[in-house]
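Remarks on the structure that follows.
The values are calculated or read from the model by the stated rules, or taken from the named source; none is laboratory data. None of the values given here were measured: they were computed from a predicted structure. Cβ placement follows ideal geometry from the backbone for every residue including glycine, while neighbour counts extend to all protein chains displayed. Heavy atoms of the whole protein, side chains included, go into the accessibility calculation; ligands, DNA and RNA do not. Shrake-Rupley method; radii C 1.70, N 1.55, O 1.52, S 1.80 Å.
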Amino acid sequence: MSRYNPAASSTSIIPTSNPPPPAQHERATTLRRGKTLTRPERQVASAPLLTPPAPMIPGSSKPIVPANTNTEVWDWWVIMSLIVTFWAPPFVLAACGMKESSVRQAWREKVTLCAISIFLGGIVVFVTMGLNSTFCPVEDQDAVSTLAVLGGTANTVGISGWAFNITNSTVSNSVDFYKLASAMPGQDVTSLFTRQASDYTQCSNFTARFATTSPCTSTSTTQNTSCPLSTLGSSTFSSLNIYNTTRQVGYSWQNVTNSLYYMVIDGIVLNLDPYLTANPKVISGDDVDAAIRTTMAHPSGGKDATRLFRTLKSTEEAIPCLKARYSVGRLDKISPGCFISALFLYLCLGVILTVILIRFAMACVFTWFLSARMIVPPKNLNRHAVSPMVMPSHGAKFSVHDPNGAAPWRGGTIKRPIKGPAGPGKQLASTEPPAPLITQAQIGAELFTVSLVTCYSESLSSIKATCDSLAATTYSDHRKLLFIVADGMITGEGETVSTPDHCVGLLEADERFGNPLPMGYTAVGSGKKKENRAMVYAGHYVTGTGQDRHRVPTLVIVKCGMPSEASDKKPGNRGKRDSQLILMNFFSRVTYNDRMTPLDFDLFRKTQVLMGVTPDFFEVCLMVDADTVVSPDSMTHLVNCMQHDKLIMGVCGETRIANKRQSWVTAIQVFEYFISHYQSKAFEAVFGGVTCLPGCFSMYRLKSRKMDDDDWIPVITNPDIIREYSQSEVSTLHQKNLLLLGEDRFLSTMMLRTFPNRKMMFCPQARCHTVAPDTFSVLLSQRRRWINSTVHNLMELVRVRNLCGTFCFSMQFVVFMDLVGTVTLPVAICLTGALIINSIIDPPQNFTSAIPLLLLASVLGLPAILIIITTGKLIYAAWMLPYLCALPVWNLILPVYSFWHFDDFSWGETRKVAGEGKDLGHVDDKRALVASVPLRRWEDWERSRLRRIKREERRQRDQERLERAFSPREDGTLAPSFRYNSEYDTSDASSMVSSNDDDQWGPQIGVYNENNPSFPPPPIVFAGDDHDGEIFNENDLEAILDQGFDLPPKSGPYGSYGALSSSTSSFNLPHGGRLMADTTVPRFELSDNPASTTPPRGGYGNMQSTAYYPIKASSPPPSTDLGQSQSSTSAVQRAFGGGHAKQRSGGDSNKHWGPGGPLMDPPMTKDSWP
C-alpha cells in the first residue's frame, strides 16, 4: 500500500498568538495532538510525593527496572524509626505476630509518630503551664502581685519587709504610728522593736560581724530612742492593735537610689544602716563586709548586689542571713524570668488571636461578598477557543493542513464526501469557505460536565437518591453525563441484590450496544490485582414526569474482575481511587491522544453516541459519593465558579448531614461539619488554597483554557498527578496513609503541589446532604482514616513554600498550626479541662492569668458567632451544645485511637460487605503475573473497528449470495433474503481485509455497531457545523489510519507549504492540494506489516511503543480472551461471548445477563452481530 502525504497551495491556519515552532522541529510527523500540550505551565515541578519516575532506557520507552526491587530504602525517616524503637528488636516483634518486615517497619513508624506526638504535646504542656513556673516562680509571682507600694498604701508601716495595718493601733508616748504612716506610708519601723542577734536562726552558723552585731545599737535619726517597743512578735502586735496584711512592702528603684544605705539582693531590699552605723570601719578579712562596702561606695547610692554576692561561696552563703536581719521589702518590678514568661504569653496571645480573628473576618467576607460573585453566570463568552469537533456518523473528520496539530477525531469545515473509496487521482469534494473556529459563546455557559458516582456497598435507595438528585439538577441534560462506577461484584451488608444489579437496574439501556463485554484496563493494585476488567452499560437515566422529566445520558461501569477472581468474595474490587482513575485516565488519554485500553476505547465510543460530541469536549468533572443528595442548583453554581475564573482547578460545596437527628452520634457531627466549611474552607478559599476538597461533593477541572483561549492546560488529567495518584506499591507508613486512607485529601494535596499558582475554592451556595455515621464504631473507623490522612497530608503541604502569604500570616503557617493542633489534640483537651477546673477553684486575679481563658473563649465562641451572622439562624448555634459536650470524644478518644492505629490501612467498619473479613487492601502476594492490558491509540482501535465491520459485511454478503430466501439461523430467527445495502458495498476488490486477516483486537472492541441505521443517530449538539477541514468517508479514514500522512515542510518563518518532490505519488485534494506518499523521507508509522511479526517480549499488554504487531492466521491470539464461561455457579454465558462476572441475583438462565441479573433481549435484526 502507498503512503499519503498532505500538500496544499493554500491552507487554513488556526488563529493563535503562539509563535511558530522552531525550524529544526518542523519535520514530517505522524498523526499527533500537537496543540494544547506543547508547553506546560511555567513553573518548577515539585518532587513526587511517592515514587519518583523511573529513568528511561535511551532510545526506548521502557523504564529501567532495578535488579532488586525489594531493597529497603534507608532514608532518614527509616533510620529515625529504628533509633526510637531500638528497644524492640525484630525477633521480639516477630514473636508478637509481626512476621513480615513491612509490618514491623510500619509498627516502628507508628511508634515514632506517636513519640513525636507525645513530644509536641509535652512542648505544649510546658509552654502552657511549665514555662511560667520555670521562669517566674510562685514567690516572684506573688511578690509582684501582692506588694504594698511604699508611699501608696495609707495607714501602713513596714516591719521586716511586711506591710502592717495601723488603722486601730494604740498611740503611746514613745511611738506614734499614725505620724509615721502619714509621713511615709509603708516606711520601715523594724528598728523600733527589741531584737537580739540570737533571734535570727539563719545567722546561727556565722561569727562575722554582719551576723553578731546587736540590732538595737542604732543611733539613727529616724527613731527617738533605740528599740523602745517590746520584743518583735505576735503578742506585741496584738497589744499594739496592728496586724500583718500579708503583703510585702514594694520599693521602686528610685526609693532604693535615694537612700545611701539600701541595696538589693535577689529582688529583696536590704537596709544596712544599722550594720554600717555599728561598724563604721572596714573589717579586714571579712568578704561580706568588703562586698557591702563596695556596693555602698557606688556614687548613685543603692545598687543591685546580687551578682557580686553570688561570686564567692562565703558571700553567697551569707545571703539568707542578710535577708532575715536587714530586709525592709521587695523591689516593685517584674523579675527577668517573669518578664520573659509574660512576654511569651502575650506574643502567643497576639499571634493566636490575630490568626483567629483574621480567619473569622476573612470567612465572613468570603461568605458575604466573594462567594456571591463566583456564581454569577458568565456574560462575555465571545472568545475564540480551540476545541475538538463532533465525530460524524461515517468516519472521523480532521484538517490535514492544521499546522498546530490536532487529535485524529478533530473536525473541520463541512465537506460533502464522494461515494465510494478515494484513491490516487480521484477528486474528493469541492471545498467551502473556511468558517471561524468554534467559540466559547457557541458552547455557552453550561460546560460539558461528567458526574462521577462511585458505588461500593450502598443500598438501592441511596444510589437512586443520588442519581435522582444529579439528574434533576437545573443543569441541562444535554451537557451532563452520569458516570457511575460499581466497585466490584459486591453485595452490601443487609442487601439481597448486588450493587452492580442496583446500578444497572436504574439504567434505561440503549439497545444498540447490546450486552457489554468485559474490557480490560490497568487497575490500582499489585500482582494479579494489577489487571482488571469492567463492563460498560450505556443508556439514559430517566426520572421525573411531565415538565420535571429528565433523561440524562448515563454510563454504568461495572468492575467485574478477571476470570481467576470468579470465586473471590469481592471480584473486581479495587477501591474508590481505582474508580476515580478510570475516569481520570480516560480523559487524560483523550486529551493527549495517548494510547488507550480497551475500556477507554469502549468509553470513547459510547460517550460520543450518548452525548453527540467526542469526550474531549468535557472540561469539568463533578465527583459525588453514592450516598450524597445534591441540591438542584448546585451543579450550575459549581460550573459558574469554573467559568468565573480559569485559574480555579477545583471547587467544593457545603456538605450537610441528612440524618442529623438519627442518634447522638449524628447530632454531635452537625456543628463540626458546619464550622469545617464556613470557618476553615471559607478562610482558605480567600487565598485560593482549600486544603481538602471532600470526595462526596467536589468539582474538578479536567483541563483549563489558557488566558488567550488558544490552548489547553490539563489539570486533573495531568500525567504527573495521575502517575502519583495511581501508585499501588508503597513502602513506608507515611506513603500508605497518604494513598490508602484519604484519597480525596491526597488528591487535593497533589493538585496544590503541582499547581501552586492555581486555586482550590469553596462555594457555599452549592449544597448537598450526605448520610453521616450513626453508630460510634463507624464514626471511630471513619475518623481514624480522616485524622491519619490529615496528619500525613499536612506534613506534605507544610513543605510547599510558594503558598499564599508570608511569615506568620501565610497559608504555610496556617497549615503548620493546623498540623500542630491536630497532633496535640489530646493534650489540648486535657489542658482545657484542667484550665476550667482551676479557674473555678481559683479565679484569675489579673489579666495575665486570664490569657488562657481568653484563648479558650475565642476558639469556642467565635465559630458560634460566625454561624449566626453568616446564616442568620440560631438553630445552628443550638447544635453547638452537643458538639461541646462531645469535645472529649473529638479531641481525646478519636485522636488517641487514630494515632495508635497509624499502621491500620483498612476502611474498617465504614462500609461493610456481606461475608467480608478484614480488608487487607488490593495487594496480591503473587507478584509474578504482570498486567497485559493492550494499549493502542485511538486511530489503531478505530482501524480495527472499521476492519471488523468490513469483515462482518463481507460475511453477510457471502451468506446472502448463497441464500436468496429466508433461512433459519442458529439462534432460531430468520435471516432476510434481501441484500443488505452497505456503504462499503462496491466490490470485493475494494476490501482491504482478506478473509484470513482476522484482527486480533476484534474481541476487545465490542460486538456492537453504534452507527447501525436501525437506531437513531447521536444527538445534534450544535446547530451549525461549519468548520475548517476535510471530511473523509470510512474508506478514506481507514486508508489514512493505515498509512498515515506527513505535513510537508514550510518555507520561511510563516511561509506556505513547499513544492512536492519528484519522488512522490499523490492524489488530488478538494482545494487543489494533494495527499501524497513521499518515498524519500523515512518516517515512523503504525505498520500492519512490520519486518518482524514476532510479538514483543512480555506479551501484547507490555508493548511500550505504538507499533501494531499483527498475528498470523495460523498463530494463536494473545491472552486477550474476554472471559470464557466458568462454572454455572460463578459465571454466566453472554449473548456475544463468554463472561466471567459472578452471578449475584436470581433469574432465568435462558435470558441475557447483566453483571448480576437478566437483561431484556433486544430483537434480532439484520444488523445484529452474530
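For the stretch 454-617, the square roots a ≥ b ≥ c of the C-alpha gyration tensor eigenvalues yield an a/c of 1.5 or more together with a/b not exceeding b/c, which makes the shape oblate.
Once backbone amide H atoms are built at 1.01 Å from N, ARG247 has ALA163 as its partners under 5 Å, excluding neighbours fewer than 5 places away on the same chain.
Using R0 = 56 Å, the C-beta based FRET efficiency linking MET707 and ALA94 works out to 0.40.
Solvent-accessible surface of the stretch 142-219, taken per residue with a 1.4 Å probe and all protein chains present: 48 Å². Determine the alpha carbon to alpha carbon distance for each of LYS303/LYS323; LYS660/LYS873; LYS480/LYS681; LYS281/LYS313; LYS480/LYS703; LYS529/LYS570 and list only those over 20 Å. In this structure, LYS480/LYS681; LYS281/LYS313 exceed 20 Å between Cα atoms. Accessible area per residue for the stretch 454-617, computed on protein heavy atoms with a 1.4 Å probe, is 25 Å². Relative contact order for the stretch 454-617: 25 percent, from Cα pairs under 8 Å spaced at least 6 residues apart, divided by residue count. With every protein chain in place and a 1.4 angstrom probe, the accessible-area ranking of GLU493, GLU684, largest first, reads GLU493, GLU684. Given a 1.4 Å probe and the protein chains as shown, ASP818 ends up with an accessible area of around 50 Å². Note on GLN196 and VAL800: their simple-model spin labels are 8.1 nm apart, each label 7 Å out from Cα toward Cβ. Working ranking of peptides 934-943, 83-92 by packing, defined as the average number of other Cβ atoms within 10 Å per residue, highest first, is 934-943, 83-92. For PHE618, PHE126, the ranking by accessible surface with the largest value first comes to PHE126, PHE618, using a 1.4 Å probe. For the stretch 454-617, the antiparallel share of DSSP beta bridges with both residues in that region comes to about 70%.
Measuring only protein heavy atoms, the 1.4 Å probe finds LEU517 accessible over about 10 Å².
Between VAL351 and ARG723, the C-beta separation translates, for a Förster distance of 30 Å, into a calculated FRET efficiency of about 0.15. Here the stretch 755-814 has 59 percent of its accessible surface on carbon and sulfur atoms, given a 1.4 Å probe and all protein chains in place. Model label sites at ARG661 and SER174, defined 7 Å from Cα along the beta-carbon direction, differ in position by 8.5 nm. Taking all protein chains as they are arranged and a probe of 1.4 Å, the heavy atoms of GLU109 leave approximately 0 Å² accessible to solvent.
Computed over protein heavy atoms with a 1.4 Å probe, the carbon and sulfur contribution to the accessible area of the stretch 454-617 reaches 47%.
The MET817 and ASP568 beta-carbon pair, evaluated with R₀ = 60 Å, returns a calculated FRET efficiency of approximately 0.85.
Computed from label points 7 Å out along Cα-Cβ, the spacing between TRP87 and ALA115 is 0.9 nm.
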